[in-house]
Amino acid sequence: MKVAVCVKQALEVSRYLEFTADGTRVDPAFVTTMVNEADLSAVEEALALVESAGDGEVVLFSAGEDGADEALRVALALGPQRAVRVWADGLALDDARTVGAALAQAIAAEAPDLVLCGVQSADTGQQSTGPVIAAAWGVPWVPVAHGLSLSGSTLTLHRDFEAGVTETVEVHLPAVVTIQVGANVPRYGTFKDKMRAKKADIPVVEPVGLPAPRMVVTRLTAAPGGSGRSLEMIKGGPADVAARIIALVREAN
Amino acid sequence: MSRCLVLAEVIDGALAAVTAEAVGAAVALGDEVVLAVAAADPDALVAAASFTGVTEIVTVAVGGSDRDHDLAKQIAAAVIADVAPDVVVAPFTIRSTSFGPALAHSLDLALVADAVALQRDEDGALTAIRSIYAGRVHAEVTFPTDRPVLALVRPSVWVPADVGSPVASRSLAVDVEPSKVRALDLVRPSGDVDLTRADVIFSIGRGVGSQENIAAFADVAERLGVALAASRPVVDAGWLPAVHQVGQTGVTVKPRLYVAFGISGALHHLAGMQNSKTILAVNTDGDAPIFGYADLGAVADVHEVVEQLQSLI
């Protein structure tokens, strides 16, 4: 069987940050990158499915500029056979619809049995790429899933809702599934896989005929304290922290 | 005047509280607001859905589960075709994100997910704000084409609309194709822990390190009479049962005091606790996103802090 997995190079920004001159990007000096956590769980799920199927391959996809190759190489080191980068000059990565449609084009050309994505990216978190790929590719999808098992062309899996509710569902392949954060513990690749990932040739597929983005980021502003709360750091050592906690508990209880 | 369609969220046949917030967001835009309610017996929900500011309720009788996103997408598409809105608002929840982005593709709607503000500029064009990068950045987004916009709005941000005098309703018949996703079994969390009623919650995350280390936190929580909760990784690792989980797929809590031990502050956790009255975070990583959501913070080893707590009580 052939499983496609989408991975994203997610950004982490420092607490103090500055923006690029046009105000639509965080200055790269204040950014670190990492492969999106849920995407690595998607890779692990794909590798496990192919192993239990007995044969097949896992092909990685990422939409982005050269930097996306880094994410693809990190994910390749877990064991997938190949990776493809999807990019065209000016591809609107902020618009989930554009990203989903671009990935769907490249994925459809590979005709996989199953497409896995992480449930959401840790940096911009729209939970949208997987469902857009499914709609663009024209197949059913199951979001926020874990515990996948395959019997013939029927996939059985668990999907999570709010308040701890979990539903078991089945769907016929081909399909798109988004993998829940923490669905599994991604493996460490073998030394051989790591060496292969370093040297792997990563072809670029250029999407064609995409519509103009329907959503654009026009301006970024710093939001000190995600919630607008003002943070007071507790002075002193663990004993002072503990004393403060107890005082607050007595006040609130 | 433009027209805004709100897609009600129905959970187990009842109107979910986030619907009132989505209506609040739509009414604040100053548009004509149509509310669509799809349920097995939608007429039974019209009274509860008669929010002030809603001009009309469109009901759709559905034969399937309110968890089925394939059906939800088909119904939403039919309602949008009927109402012809400029803006569609739905809550940013698992139910809505399950079909919303796919719907946006199929109907060519502009999509903004997890919006924390919606407004009209001086020309009347819609703009939205997204909170990104662990809440450290606000992104203003605009919609450069004339396609309708689907805005999925973050829960607990907008003031919920009040229920007022009865709103006129009409039913819309929608023919749906059978869902391509078959539901087999449903599991609800069990256990006698009710985090939603707790005044004080001690919550532990990956930073506690191992299952053995939880005993000290459970001991302190019990002796202080506070509830013990956890972030997703702790539950995934099997260290605590799922009923203790706070977050998007766990429980949403608003205690007077929430103490986060060794929790970094991933998006799905923040969704479940960011409206607590006072938040205190203890973490060894001073750069952890949780500190952006806390009133009080300490960069400290959670094990040393819990030892001190044990000796102080």
| query | Residues of segment B:256-288 being over 24 Å from A:N36 (Cα atoms) and in contact (Cβ under 8 Å) with a residue 60 or more places away in the chain, which ones? | reply | B:N275, B:S276
| request: May I ask you to list the residues in segment B:280-293 that are modelled with pLDDT of 95 or more and facing chain A (nearest Cβ under 7 Å)? | output: B:L280, B:V282
| request: For residues that are open to solvent by 60 Å² or more (accessible area, probe 1.4 Å), under 19 Å from A:M233 (Cβ atoms) and part of a helix (DSSP H, G or I), tally how many sit in segment B:295-307. | output: 1
| Wholly enclosed strands (runs of 3 or more DSSP E) of segment A:1-115 bearing at least 2 residues away from chain B (no Cβ under 14 Å) and buried (at least 22 other Cβ atoms within 10 Å of the Cβ) | A:2-6, A:57-63, A:82-86
| request: Scan segment B:199-211 residue by residue and report those that are away from every other protein chain (no Cβ under 14 Å) and assigned to a loop (DSSP other than H, G, I, E, B). | output: B:G209, B:S210
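Residue by residue, here is whether (1) at the interface with chain B (Cβ under 8 Å from one of its Cβ atoms); (2) closer than 30 Å to B:Y133 by Cβ holds:
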residue	(1), (2)
A:V204	no, yes
A:G209	no, no
A:A223	yes, yes
A:M233	yes, yes
A:P238	yes, no
A:A242	yes, no
A:I245	yes, yes
A:V249	yes, no
A:A252	yes, no
| said: For segment B:9-24, give me the residue count where each residue is open to solvent by less than 20 Å² (accessible area, probe 1.4 Å) and hydrophobic (A, V, I, L, M, F, W, C). | reply: 5
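Checking the conditions here, which among A:R214, A:R159 is part of a loop (DSSP other than H, G, I, E, B), of a type outside the set (A, V, I, L, M), within 11 Å of another protein chain (Cβ to nearest Cβ) and open to solvent by less than 60 Å² (accessible area, probe 1.4 Å)? Outline the logic, then answer.
On the way: A:R159 fails: part of a loop (DSSP other than H, G, I, E, B).
That would be A:R214, the only listed residue that is part of a loop (DSSP other than H, G, I, E, B), of a type outside the set (A, V, I, L, M), within 11 Å of another protein chain (Cβ to nearest Cβ) and open to solvent by less than 60 Å² (accessible area, probe 1.4 Å).
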| query | Name the pairs whose Cβ atoms lie under 8 Å apart, with the first residue in segment A:234-253 and more than 19 Å from B:A227 (Cα to Cα), the second in a helix (DSSP H, G or I) and among the acidic types (D, E), and 6 or more positions between them or separate chains? | reply | A:I234/A:D240; A:G237/B:E304; A:P238/B:E304; A:P238/B:E307
| Of the residues B:R154, B:R147, which single one is at pLDDT 95 or above, assigned by TED's automatic domain parsing to the domain that holds B:V27 and of a type in the set (K, R)? | B:R147
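If you take the residues of segment A:121-140 that are more than 7 Å from chain B (Cβ to nearest Cβ) and part of a loop (DSSP other than H, G, I, E, B), which of them is surrounded by the fewest Cβ atoms within 10 Å (Cβ to Cβ)?
Step one: filter segment A:121-140 for residues more than 7 Å from chain B (Cβ to nearest Cβ), giving A:121, A:129-130, A:133, A:137-139.
Those still in the list that are part of a loop (DSSP other than H, G, I, E, B) too: A:121, A:138-139.
On the way: A:S121: 25, A:G138: 10, A:V139: 19.
So the residue we want is A:G138.
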| Which numbered condition B:Q245 misses (of (1) of a type outside the set (D, E, K, R); (2) surrounded by fewer than 23 Cβ atoms within 10 Å (Cβ to Cβ); (3) under 23 Å from the mean Cα position of the chain (by Cα); (4) within 7 Å of chain A (Cβ to nearest Cβ)) | (2)
| message | Exactly one condition in (1) open to solvent by 10 Å² or more (accessible area, probe 1.4 Å); (2) modelled with pLDDT under 95 is false for B:G135; which is it? | response | (1)
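What number of residues within segment B:276-294 satisfy the criterion of being open to solvent by 60 Å² or more (accessible area, probe 1.4 Å) and among the polar types (S, T, N, Q)?
First, pick out the residues of segment B:276-294 that are open to solvent by 60 Å² or more (accessible area, probe 1.4 Å): B:277, B:284-285, B:287.
Cutting the leftovers down to among the polar types (S, T, N, Q) gives us B:284.
Here the count works out to 1.
The values are calculated or read from the model by the stated rules, or taken from the named source; none is laboratory data. Since we're looking at a predicted model, the values are computed, not measured. For neighbour counting, all protein chains shown are included, and Cβ atoms are generated from backbone atoms with ideal geometry for every residue, glycine included. What goes into the accessible areas is simple: the full protein's heavy atoms, side chains included, and nothing from ligands, DNA or RNA. Shrake-Rupley method; radii C 1.70, N 1.55, O 1.52, S 1.80 Å.
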